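The values are calculated or read from the model by the stated rules, or taken from the named source; none is laboratory data. What you see is a predicted model; the values in this text were computed from it and never measured. Counting neighbours? That spans all protein chains shown, and the Cβs are built from the backbone with ideal geometry, glycine included.
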Amino acid sequence: MVASKQKITTKTRPVIVGFDAISPLGLDLDQQWQTALAGKSGIGPLTRFETPDNFPVKIAGQVADIDHLPYPYLKPREQAKWTSPIFKYALLNVQRALGHSGLEITPAIAPRVAVTYSTAIGGLDAVLAADRRLIADGKLPHPFANPNACINMVGGKVSIFTGATGPISATITACATGLTSLLVGAMLIAQDQADVAICGAVDFALVEPIVAGFATMNATYAPKEGDPHGPPEAASRPFSVNRRGFVISEGAGCLLLASRAFAQTHGLTPQAELAGWSMTSDAYHFVAPNLDTVQRCIAESIAAAGIAPADIDAINAHAASTRIGDKVESDALCRVFGSRIPPVTANKSLIGHAMGASSAIETIITIKGMQHDILPPTRNYQPDPDLNLDCVSAQATACPQEFALKNAFGFGGCNACAVFRRTV
């Protein structure tokens with residue numbers, strides 16, 4: 001299949017100038033990176049809510065509480081209004097990414113700063129709480145119940161917090177949301193609608209009906225009938241012969257994207273270059289992926305970077321640990337790379353599946369790996385003879401990288417792939 005999309009020129013390739021992640025591996029980015037390199041898991045018992053004996057999900061990737069940290073922008077009165085955790089974690093995430101970049105959003109540049117930071121699940125926990133209050137006590141919802149649940153409100157709060165007044169958009173593509181947010185930001189910069197884009201995603205989906213709903217879809221991890229539950233850290237098994245579904249987790253990832261000219265003018269240090277990208281739609285099934293359009297997305301992102309598949313040095317896979325999804329991704333990689341698939345790493349083995357935030361967090365891990373010429377291991381990997389690839393699994397592995405591919409796929413057939421180039 002020939003990729004047909006236009007090559008992205010060097011002048012139009014934006015650069016990532018700052019980032020931050022919050023995940024089950026920790027609150028501090030350097031801590032998370034070292035934990036990932038050590039192959040340690042952030043998955044443990046599900047404690048976000050009480051689970052009766054017959055509740056189908058017992059484990060999750062949970063993020064540490066941040067209420068002990070100073071919040072000049074979310075004082076107790078504000079937190080009483082914005083009850084969904086997505087808001088406080090998103091604002092901390094964005095604040096730290098800005099601090100990492102050294103960028104100050106002044107009134108002079110604010111009209112050229114876009115916000116595509118988004119969420120896949122949103123604040124559905126607020127609607128659930130309002131519903132329970134209405135049924136149990138007959139009390140009307142809190143005035144902020146609907147704003148908490150409004151899917152684009154997290155981007156709105158980011159805009160209010162930062163003062164960014166450029167284009168704003170909620171990019172929702174299910175589990176690909178975080179990476180799609182980055183690509184939409186790149187499009188706004190390429191169209192000269194912005195110089196900077198605040199990208200990424202936050203999701204806190206550990207809410208009873210959401211977790212149970214994924215279980216009834218046979219999407220979440222469950223041991224074979226009659227087998228005991230093993231240790232939580234052994235449950236997420238991307239690309240493995242014994243994979244049994246994904247582990248739901250939570251987190252946030254923010255990436256600051258800027259035009260190369262803006263970065264140079266404002267003394268910002270590029271952390272990586274977004275060299276090429278593609279998005280495709282499966283037009284096939286509401287959850288099962290389509291091999292042809294997944295393959296095309298991967299191939300087009302590489303072609304857009306102006307390179308050949310052989311130039312890709314490493315792959316950060318979507319790899320949710322589902323039987324069908326991992327198989328399609330593996331087959332697509334075989335089609336694109338033939339018998340020479342680059343080293344593959346699957347971060348969900350360590351952090352679980354943080355819904356829309358996953359691809360943002362994993363993109364940050366990809367960039368860290370490029371900067372240090374190393375790949376974190378894929379935990380719990382047992383090769384599947386039906387999959388023609390081999391994951392980096394035993395331990396962190398040295399891997400010089402100029403170009404790395406990141407894949408992300410979401411329900412509804414939403415595919416996003418990006419090629420990053422090392423700049424430092």
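Annotations
- Single residue of S393, S359, S330, S349 found to be in contact with a His (Cβ under 8 Å, 6 or more places away or on another chain) and either crowded, with 21+ Cβ neighbours inside 10 Å or farther than 26 Å from L257 by Cα (or both): S359
- Of the residues screened, L103 is not one that is surrounded by fewer than 23 Cβ atoms within 10 Å (Cβ to Cβ) and in the same structural domain as I198 (by TED's automatic domain parsing).
- Inter-residue pairs, beta-carbon under 7 Å, first at positive phi and in the range 22-38, second at pLDDT 95 or above and hydroxyl-bearing (S, T, Y), 6+ apart: G26/T35
- The range 221-274: number of residues that are within 25 Å of S330 (Cα to Cα) and without any contact (Cβ under 8 Å) to a residue 24 or more places away in the chain: 2
- Screening P223, P209, P238 for residues that are touching a Leu at 6+ places or on another chain (Cβ under 9 Å), outside any strand (DSSP E or B) and either farther than 22 Å from I361 by Cα or modelled with pLDDT of 95 or more (or both) leaves exactly one candidate, P209.
- When we screen T47, T51 for residues that are free of Cβ contacts under 8 Å to residues at least 12 places away in the same chain and of a type in the set (S, T, Y), the only hit is T51.
- Out of A263, A275, one residue alone is crowded, with 22+ Cβ neighbours inside 10 Å, at pLDDT 95 or above and not in a helix (DSSP H, G or I). It is A275.
- Any hit, the range 251-259, residues being of a type in the set (S, T, N, Q), outside any strand (DSSP E or B) and in contact with a Pro (Cβ under 6 Å, 6 or more places away or on another chain): yes
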